[in-house]
Amino acid sequence: MPLPGHTPGHCGYMIASGKETLLVWGDIVHVPEIQVPCPEIGMQFDVEPERAVGTRRRIFDMAVADRLLVAGMHLHFPGFVHLTRQPEGYALVPEAWNHAL
């Protein structure tokens with residue numbers, strides 16, 4: 001799926017199987033501690049900063065509304081999260097780590 005703003009052609013992937021869906025959002029977030037609570041904050045790496053902010057807001061809203069499991073670059077261990085809406089911005093809720101060998 002197109003996720004414009006970071007770099008030309010930047011995209012992510014929506015992977016679904018049955019009732020489970022995973023959104024791999026690529027580089028729409030670079031520093032989660034800053035950009036998740038304040039999605040309007042851009043980074044110098046975004047080629048089109050205003051589009052990157054718009055993409056971040058749109059994808060965050062979608063992840064919350066659809067209760068998506070999310071993976072992406074720059075997310076901390078375990079690397080899978082859900083998003084929740086806060087009074088101002090959003091917050092990450094890490095998916096529980098299930099260690100299986």
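Relative contact order of the chain, please, whole-number percent, based on alpha carbon pairs below 8 angstrom and at least 6 residues apart. Numbers along the way, then the final one.
Values: 178 pairs, mean separation 25.7, N = 101.
The normalised contact order for the chain reaches 25 percent.
Divide the volume of the convex hull of the Cα atoms of the chain by its number of residues and quote the answer in cubic angstrom per residue. Provide the component values of the computation, followed by the final result.
Numbers: hull volume 10.7 nm³, N = 101.
With only Cα atoms used, the chain gives 106 Å³ per residue.
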TODO: Please report, in whole Å, how far the alpha carbons of the stretch 1-57 spread along each principal axis, starting with the longest.
DONE: 38, 25, 14
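Can you say what percent of the DSSP beta bridges in the chain, counting only those with both residues inside, are antiparallel? Round to 5.
Numbers: 13 of 16 bridges.
In the chain, approximately 80 percent of DSSP beta bridges are antiparallel ones.
Since every read-out is calculated from the coordinates, none of them should be taken as a lab result. Keep in mind that this is a model prediction, so the values were computed, not measured.
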